[in-house]
Amino acid sequence: MIYQPYDRSWWVECRVQGAAILRDWVKTLVFVAAFALLLNLFFPRYAVKGASMEPTLHETERLFVSNVDTMTRPPERGEVIVLTSPHDGELIVKRVIGLPGEVVEIRSGRVYINGVPLHEDYINEAPRYSGHWEVGANQYFILGDNRNHSLDSGDYGPIDASIIHGVVKFRWWPLSDLSMFAVPDYGTLGSNQHTP
C-alpha cells in the first residue's frame, strides 16, 4: 500500500477565499450601518399625525426631513418644519410664518407681517381668531395650514429657534403623493427676507 499525505492546499485555499468573502461582507455591513446612522441623524423620516397641516399634509403620510438645513441656516418664511411643541413636548409639524424681529397680526381672517397682508393659497380656511404678536430675536411664529384646528403660535406665541429640528423636504409616502416642498412665493415680503 502506498501512503499519500493529505493535500492541505485545497483547505488553505478555501479558508483564504472564505476570509476574503467575510471581509467583503463585514465592509459592506459597516458601510450600510454607517450610511443608515448618518441618514437617520441628518435626514430623519417622520409620519404625520393629526389634521393640523391639512390640506398640505394628511395623517399617516411620511416625510423626509433635513436636519442639516437647521444647522447651517435660519428657517425661511413658508418652510414646513418639524419641532418640539412648547405645549406638550411632542414632535409636531408646522409652517414658518413670522421671522425674528417681525410683528405678526391676525385679523379679519388674514395674516399680516409688519402690516403687510400675507398671501396664503395653501391654508384650509381663513382663521376665525385674531391676535397680535411681536417675534423676538431668535424666535419664529409658526402656524398649521388648518388654521382653526391647529395648536400653534396662535395659542402659545412665538417659539424659540432651539426647538426646531428640521425642514420638511419631501413627502415619500404614499408613493402616489410623492412630492417636494417648495417655499411659497409671498411676493413683496419675500420668502427669506426679514422685513424692516
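Some observations on this one:
- Candidate cross-link partners of Lys49 among the lysines, defined by an alpha-carbon separation under 18 Å and a same-chain spacing of 8 or more, comprise Lys94, Lys169.
- With 5 Å bins from 0: P(r) over the stretch 87-135, alpha-carbon pairs, percent: 5, 18, 26, 24, 18, 8, 1
- Counting neighbouring beta carbons within 10 Å and listing from fewest to most, the residues Ser153, Ser179, Ser66 come out as Ser179, Ser66, Ser153.
- Over 17 Å [Cα-Cα, the stretch 45-187], rounded percent: 57
- When each of Leu189, Leu83 is scored by the number of other beta-carbon atoms lying within 10 Å, the sequence from fewest to most is Leu189, Leu83.
- Relative exposure of Lys27, Lys94, Lys169, Lys49, judged by other C-beta atoms within 10 Å (fewest first): Lys27, Lys49, Lys169, Lys94
Read the figures in this text as sums done on the coordinates, not as results from a lab. In this text, all values refer to a predicted model and were calculated from it rather than measured experimentally. Ideal geometry is used to build each Cβ from the backbone, glycine not excepted, and the neighbour counts take in all protein chains shown.
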